[in-house]
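Peer 1: Provided herewith is a single structure, encoded as structure tokens, for subsequent inquiry.
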Amino acid sequence: MKPKSLFLLGLLAGVIAVASAQGVSFGLIGDMPYSDWERQHLPELLADMDREELAFVVHDGDIKSGGSVCSDAVLRDIRDVFQASKTPLVYVPGDNEWTDCHRKSNGRYDPVERLQKLRQLFFAGDKALGQRTLHLERQSRDPAFASYRENVRWEAGGALFVGLNLPGSENGFHGSTKGGGPVPEFLQRSAANRVWLAQAFAHARARQLAGILIVIQANPGFDAANQGRPKPGYAAFLTQLREETQAFAGPVVLVHGDSHWQRIDQPLRDPVSQQVISNFTRVETFGYPFFGWVKASVVAGDPQVFRFTPRPWHAPAAPP
């Protein structure tokens, strides 16, 4: 190879290394809007986040309250708010907008039909929502899982980001009934999630990525699982998550909402030793009545790889 070509290759490698070392910042939100006040101020919150020059924002589900109607108009309204974001916005569906829509207060919709509507409105194409472009790889590219457009992944800052349709309300284990699960929809979606998560870890290992951040909506119940009583809708996911995390060299982060308790901790334990699995971190986003976001960064050269800073948000005071 000619000296000039070697020089250019070396220069390119240096640029990539610098970009990786600098990393990127991103934002995490969820469980909003739940009230008229939150709906009114959500565009202002997103505008404040736009000014932070984030690479992207992730909403981890519940775009309406659990007692409000699951109408097309409500879904389109939030879709339009997300599309107006100047920062690319990745959305992972929550239980309030599909699994719980059979409730009388929600309009007695068919949850599976509502999920199809979400796929139509929020997950068309291979780009994130928002004004700037962020390309996503969707599981639906695999003909075996063509329906699961909401399961996504992308790379940033030397790490892999993964979104899974794993909502609250027992992950749809019982469907529209109070018992009798697992229903076929749960079994089929769980199979898709299992494959997508396994492929994500395999992809991260093959690419020698520094870390993995996984986004779901549900709080999967770490405490119950650590006591040997995992919730049926999340038991298989937690087992796979633990096994994959223990086999992965870098840090693994699970971001979720659902229980409306913003926290950053390490709740995943080995079932035999009961020791904390040290390369795992849980980040729960703000939820009603608390309004805010989590500013995060990923830097492949940082021993922690991921860092998180909670950012409570208050509406600016009205001028005198």
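The values are calculated or read from the model by the stated rules, or taken from the named source; none is laboratory data. All of these numbers come straight from a predicted model, not from anything done at the bench. Ideal geometry is used to build each Cβ from the backbone, glycine not excepted, and the neighbour counts take in all protein chains shown. For the accessible areas, the whole protein counts, side chains as well, though only heavy atoms, and no ligand, DNA or RNA atoms are used. Shrake-Rupley method; radii C 1.70, N 1.55, O 1.52, S 1.80 Å.
Peer 1: Going by the alpha-carbon gyration tensor, a ≥ b ≥ c the square roots of its eigenvalues, is segment 238-310 rounded (a/c under 1.5) or, if a/c is not under 1.5, prolate (a/b greater than b/c) versus oblate?
Peer 2: Oblate, since a/c reaches 1.5 and b/c is not below a/b.
Peer 1: Right, something else. Ordered by packing density, taken as the mean number of other Cβ atoms within 10 Å over each peptide's residues, highest first, how do 208-219, 166-177, 111-122 rank? List each step's numbers first, then the result.
Peer 2: Numbers: 208-219: 24.2, 166-177: 21.8, 111-122: 18.7.
So the order, starting with the most tightly packed, is 208-219, 166-177, 111-122.
Peer 1: Rounded to the nearest 0.05, what FRET efficiency do Asp80 and Gln274 give with R0 = 51 Å and r taken as the Cβ-Cβ distance? Could you check?
Peer 2: The calculated FRET efficiency here is 0.60.
Peer 1: With the full set of protein chains in place, find how many percent of the accessible area of the chain is carbon and sulfur; take the probe as 1.4 Å.
Peer 2: In the chain, the share of accessible area belonging to carbon and sulfur is 55 percent.
Peer 1: Which one, Tyr109, Leu129, Gly301, is farthest towards the positive end of the dipole of the chain when Lys and Arg carry +1 and Asp and Glu -1 on their Cβ?
Peer 2: So the residue furthest toward the plus end is Gly301.
Peer 1: To the nearest 20 Debye, how big is the dipole of the chain about its Cα centre, given +1 on the beta carbon of each Lys and Arg and -1 on that of each Asp and Glu?
Peer 2: About 660 debye.
Peer 1: While we're looking at this one, here's another question. Beyond 25 Å between alpha-carbons counts as too far, so tell me which of Lys127/Lys231; Lys86/Lys295; Lys178/Lys231; Lys104/Lys295; Lys104/Lys127; Lys64/Lys104 fall in that bin.
Peer 2: Where the Cα-Cα span goes over 25 Å, the pairs concerned are Lys127/Lys231; Lys104/Lys295; Lys104/Lys127.
Peer 1: Using a 1.4 angstrom probe, figure out how much accessible area segment 179-218 has per residue, in square angstrom, rounded to the nearest whole.
Peer 2: 39
Peer 1: Now for a separate question. Please find the FRET efficiency linking Asp126 to Ala198, where r is the Cβ-Cβ separation and R0 is fixed at 22 Å, and quote it to the nearest 0.05.
Peer 2: Values: r = 22 Å, r/R0 = 0.98.
FRET efficiency, Asp126 to Ala198: 0.50.
Peer 1: Kindly identify segment 179-299 as rounded, prolate or oblate by the Cα gyration tensor criterion: order the square roots of the eigenvalues as a ≥ b ≥ c, call it rounded if a/c is under 1.5, otherwise compare a/b with b/c, prolate if a/b is larger, else oblate. Walk me through the intermediate numbers first.
Peer 2: Working: a/c = 1.32, a/b = 1.05, b/c = 1.25.
In terms of gyration-tensor shape, rounded.
Peer 1: How would you order 231-239, 157-165 from highest to lowest mean count of nearby Cβ atoms within 10 Å?
Peer 2: Sorting 231-239, 157-165 by mean packing, highest first, produces 157-165, 231-239.
Peer 1: By how many nm would the segment from Val69 to Glu44 grow when fully extended, if each residue of separation counts as 0.36 nm and the alpha-carbon distance is taken off?
Peer 2: 6.6 nm
Peer 1: Grab the Cα-Cα distance for Tyr288 and Trp261, subtract it from 0.36 nm times how many residues apart they are, and report the gain in nm with one decimal.
Peer 2: 8.8 nm
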